[in-house]
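**Q** Dropping the structure in here first, questions after.
What follows is calculated from the coordinates using simple rules that are stated; it is not laboratory data. All values reported here derive from a predicted model rather than from experimental measurement. Every residue, glycine as well, gets a Cβ built from its backbone with ideal geometry; the counts of neighbours run over all protein chains shown.
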């Protein structure tokens with residue numbers, strides 16, 4: 001053991017630099033209300049893999065904050081499952097007071113600090129998601145649409161490495177929403193569309209982009225936090241995309 005002179009008083013590293021410590025607290029926002037409900041639609045059975053259970057157990061949550069869930073919804077189409085989960089939350093006297101909703105699909109695997117990072121980046125946005133890709137060799141990032149384009153679109157964008165990237169839409173695999181949006185926006189919030197009407201043409205939306213189109217048109221803002229790299233697991237092939 002190295003010889004050491006023991007001083008009668010040591011304020012500790014955090015107290016020695018309160019400015020730096022407070023900057024860290026400001027970034028993490030752990031002193032604010034971060035109450036969050038987690039909703040997970042699932043097909044059950046093989047879709048609830050040991051990998052997903054491990055991700056759920058390993059997720060870090062802010063100290064002394066109310067984080068409720070995962071609330072699992074089985075047997076419904078994904079858009080209907082999210083609608084049902086939100087309706088249940090808003091009808092509950094306590095859960096309806098929570099500030100955030102985290103949607104977490106059962107084939108998505110965030111880093112342990114993923115939720116903490118989403119809290120850091122949501123201040124300027126209504127929705128912020130982790131970065132994940134569609135499955136397959138030609139997978140596209142869930143970063144849809146450039147808000148600077150004059151015409152609203154959901155064209156996949158190049159990823160801005162390590163940045164909080166503003167977009168028009170993202171997925172719902174690991175995504176943080178402000179709960180207040182669902183109290184203001186008419187139902188259905190999420191809907192999968194594949195339709196064609198005379199004189200109107202075709203409409204094709206996954207449940208998430210249906211929501212984001214309404215949100216963007218109402219002045220909402222969406223981002224992807226590219227620091228939160230989320231694996232997208234294909235149970236059939238055993239590949240994490």
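**Q** In the chain, what percentage of the DSSP-assigned beta bridges are antiparallel, given to the nearest 5?
**A** Around 60 percent of the beta bridges assigned by DSSP in the chain are antiparallel ones.
**Q** Taking the beta-carbon count within 10 Å as an exposure proxy, list 107, 10 from fewest neighbours to most.
**A** Exposure proxy ranking, most exposed first: 10, 107.
**Q** Using only Cα atoms, figure out Rg for region 49-153 and give it as a multiple of 2.2 N^0.38 Å.
**A** 1.22
**Q** Continuing with this model, one more query. Assuming 0.692 mPa s and 37 °C, estimate D for region 1-68 with Stokes-Einstein, Rh taken as the Kirkwood radius over Cα pairs, in µm²/s.
**A** The estimated diffusion coefficient comes to 198 µm²/s.
**Q** Taking Rh as the Kirkwood radius computed over C-alpha pairs, what is the Stokes-Einstein D of region 74-114 at 37 °C in a medium of viscosity 0.692 mPa s, expressed in µm² per second?
**A** 276 µm²/s
**Q** Where does the chain land at 222 nm, in deg cm²/dmol rounded to the nearest 500, when only DSSP H runs of n ≥ 4 count, each adding -39500 (n - 2.57), divided by all residues?
**A** Dividing the helical sum by the residues of the chain leaves -7000 deg cm²/dmol.
**Q** Where is the GNM fluctuation largest for the chain (alpha-carbon springs, 10 angstrom cutoff): 207, 14, 65?
**A** Top of the fluctuation ranking is 14.
**Q** Between residue 123 and residue 54, what length in nm is gained on full extension when 0.36 nm per residue of separation is reduced by their alpha carbon distance?
**A** Taking residue 123 through residue 54 to full extension adds about 22.0 nm, to one decimal.
**Q** Report the extension gain between residue 183 and residue 134 in nm, rounded to one decimal, defined as 0.36 nm multiplied by the number of residues separating them, less their alpha carbon distance.
**A** Additional length available on full extension: 14.6 nm.
**Q** Okay, moving on. Of 46, 227, how do they rank once you tally other Cβ atoms within 10 Å and put the fewest first?
**A** 46, 227
**Q** Moving on to the next point. Highest mean first, how do 164-175, 21-32 rank when packing is the count of other Cβ atoms within 10 Å averaged over residues?
**A** In descending order of packing, they fall as 164-175, 21-32.
**Q** So what are the radius of gyration and Dmax for the Cα set of region 1-116, in Å?
**A** 20.2, 66
**Q** Roughly speaking, what is the stretch gain from residue 192 to residue 23, that is 0.36 nm per residue apart minus the C-alpha to C-alpha distance, in nm to one decimal?
**A** Fully extending the segment from residue 192 to residue 23 adds 56.6 nm.
**Q** Now for a separate question. Please rank 5, 71, fewest neighbouring Cβ atoms within 10 Å first, as an exposure proxy.
**A** Neighbour counts put them in this order, fewest first: 5, 71.
**Q** Bin width 10 Å, origin at 0, all Cα-Cα pairs of the chain: what percent of pairs per bin?
**A** 7, 29, 34, 17, 7, 4, 2, 0, 0
**Q** Among 210-220, 115-125, how do they line up from the highest to the lowest mean number of other beta-carbon atoms within 10 Å?
**A** 115-125, 210-220
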